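First up is the structure itself, then whatever we jot down about it.
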Amino acid sequence: MVTDLAYADAHCHLDWFENPEKVLADAEKKNVRLIVSCATSPESVSKNIVLGQMSQVECCLALHPSETQSLSKKDFLSSFSFIEENISSCSAVGETGLDFTHAKTPVQRSRQLESFSKFISLALANDLPIVVHSRGAEEKCLKILKQAGCSRVLMHWFTSSLELSQKAVSFGYSISVSPLLLHNSPVQRIVSEISLSSLMLETDAPTRFRGKESAPSWIPLLAEKTAELKNTSLEEIEKKTFENTSLFFR
Ligand SMILES: [Zn+2]
């Protein structure tokens, strides 16, 4: 069937794959035509700048919170400057945020907080949206973003409570859900309850789910589940989630 519709993967890490071209070709076979790839480490920043030049890829630049807690101040600052110099090549600042499941000590947490605050300022100064990782610190991340005056925010792999999800949506923030959606009932409840206009689908590929390496080609499965939960057509989910992702990143 010929269709103008297409799917979008709102968050993955193409640079973690050995052969990103094959991943993109597999995605295209499943009609996944917009793929957002996020940098995490100093090395992945350069790789994502290159990947972002492909027509179906939008790249995001920042350092992952779990990464920043172990970088020296000097290495952090040099990577931050490199991102700043190349800011025009990205569609959003990300992924940044807090991961308090990994940062247990006050020093690690304060490094993450410092990095998050610098990337928020970078996004605001360049009028760019921001992609936020908030594991174990969901409420804190929302509070920091709101206080900083951020309005274009994607809370990625958001698996917090329904209440916090609704709070994020009330701030005008979007939420992307991972393949956890396929089997996890609290995530399914969030998807059923929140407005489709605030929802995106992501794989966080190549993150493994139930022992299998994920890929952007999985997105139609997530869309099918979303259609079932929201009691609407697959086409409607495809159209809206693509539109939401495209408007946010393009
Ligand atoms: Zn990620």
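Checked against the criterion of being within 16 Å of the ligand (Cβ to nearest atom), at pLDDT 95 or above and either of a type outside the set (Val, Ile, Thr) or touching an Asp or Glu at 6+ places or on another chain (Cβ under 8 Å) (or both), the range 71-89 has no qualifying residue. Screening the range 197-226 for residues that are over 17 Å from the mean Cα position of the chain (by Cα) and open to solvent by 10 Å² or more (accessible area, probe 1.4 Å) and picking the one that is nearest to the ligand (Cβ to nearest atom) gives Glu213. Looking across the range 147-159, the residues that are more than 16 Å from Glu114 (Cα to Cα) and either within 16 Å of the ligand (Cβ to nearest atom) or surrounded by fewer than 16 Cβ atoms within 10 Å (Cβ to Cβ) (or both) come down to Gly149, Ser151, Val153, Leu154, Met155, His156, Trp157, Phe158, Thr159. Of the residues making up the range 5-24, those that are open to solvent by less than 40 Å² (accessible area, probe 1.4 Å), hydrophobic (A, V, I, L, M, F, W, C) and closer than 19 Å to His64 by Cα are Ala10, Cys12, Leu14, Phe17.
Could you say which residue among Ser55, Ser66, Ser37, Ser41 is small (Gly, Ala, Ser), away from the ligand (no atom under 16 Å from the Cβ) and free of Cβ contacts under 8 Å to residues at least 60 places away in the same chain?
Step by step, each of Ser55, Ser66, Ser37, Ser41 is checked, and only Ser55 is small (Gly, Ala, Ser), away from the ligand (no atom under 16 Å from the Cβ) and free of Cβ contacts under 8 Å to residues at least 60 places away in the same chain.
Residues of the range 25-60 that are closer than 24 Å to Lys239 by Cβ, open to solvent by 10 Å² or more (accessible area, probe 1.4 Å) and over 15 Å from the mean Cα position of the chain (by Cα): Ala25, Asp26, Glu28, Lys29, Lys30, Asn31, Arg33, Met54, Ser55, Gln56. Among the conditions (1) closer than 22 Å to Thr207 by Cα; (2) without any contact (Cβ under 8 Å) to a residue 24 or more places away in the chain, Ile130 misses just one, which is (2).
The values are calculated or read from the model by the stated rules, or taken from the named source; none is laboratory data. Since the model is a prediction, treat every value here as computed from it, not as a measurement. In this analysis, Cβ positions are derived from the backbone assuming ideal geometry, glycine residues included, and neighbour counts consider all displayed protein chains. Only protein heavy atoms, including side chains, enter the accessible area calculation; ligands, DNA and RNA are left aside. Shrake-Rupley method; radii C 1.70, N 1.55, O 1.52, S 1.80 Å.
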